[in-house]
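**Student:** The structure follows.
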Amino acid sequence: MITAFLLVHCQPKRITAVAEELANTDGVAEVYTTTGSADCIAIVRVADLEALATVVTERIASFEGINRTDTHLAIRSWSASDEHAAFDIGID
């Protein structure tokens, strides 16, 4: 499973519409509108890099109002909730 963080830069009037389109896209697990340099951040979870390329370059890149995207691949994950879950099932 590949997890990627897609930073999306939009035309201001299209931020909400783009966020809704992203949320309805296969492979997109979560979408947040944000402050800072990106207007939206989408968390993409797909099987492999080929699927990621399809989602980003063929589907999302065609959405009206997107100026550009910046994709960051996750290589390791740390989560307090994962740690707590492990202790709950008896793993040291």
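Where a number appears in this text, it was derived from the coordinates with a stated rule and is not lab data. Note that this is a predicted model, so its numbers are computed, not measured. Reconstructed Cβ throughout: ideal geometry from the backbone, glycine too, with neighbour counts over all protein chains shown.
**Student:** Report, in deg cm²/dmol and to the nearest 500, the calculated mean residue ellipticity at 222 nm for the chain, where each DSSP H run with n ≥ 4 adds -39500 (n - 2.57) and the sum is divided by the residue count.
**Tutor:** Estimated from H runs of four or more residues: -6500 deg cm²/dmol.
**Student:** Further question: Quick one: length gained pulling SER77 to SER62 fully straight, 0.36 nm per residue minus the C-alpha distance?
**Tutor:** 2.4 nm
**Student:** Can you give the relative contact order of the chain as a percent, counting alpha carbon pairs under 8 Å and 6+ residues apart?
**Tutor:** Relative contact order, the chain: 40 percent.
**Student:** Which net charge results when you count Lys and Arg as +1 and Asp and Glu as -1 among the other residues whose beta-carbon is under 15 Å from that of PRO12?
**Tutor:** Value of the local net charge: +1.
**Student:** How big is the dipole moment of segment 2-88 about its Cα centre under a simple scheme where the beta carbon of each Lys and Arg is +1, that of each Asp and Glu is -1, and everything else is neutral? Debye, nearest 20, please.
**Tutor:** Charge dipole of segment 2-88: 320 debye, to the nearest 20.
**Student:** In a shell of Cβ-Cβ distance under 12 Å around VAL31, excluding VAL31 itself, what net charge do Lys and Arg (+1) and Asp and Glu (-1) give?
**Tutor:** Surrounding charge for VAL31 is -4.
**Student:** Here's a follow-up. Give, as a single signed number, the net charge of other residues whose beta carbon lies under 14 Å from the beta carbon of ILE66, with Lys and Arg counted +1 and Asp and Glu -1.
**Tutor:** Counting the neighbours of ILE66, the net charge comes to -2.
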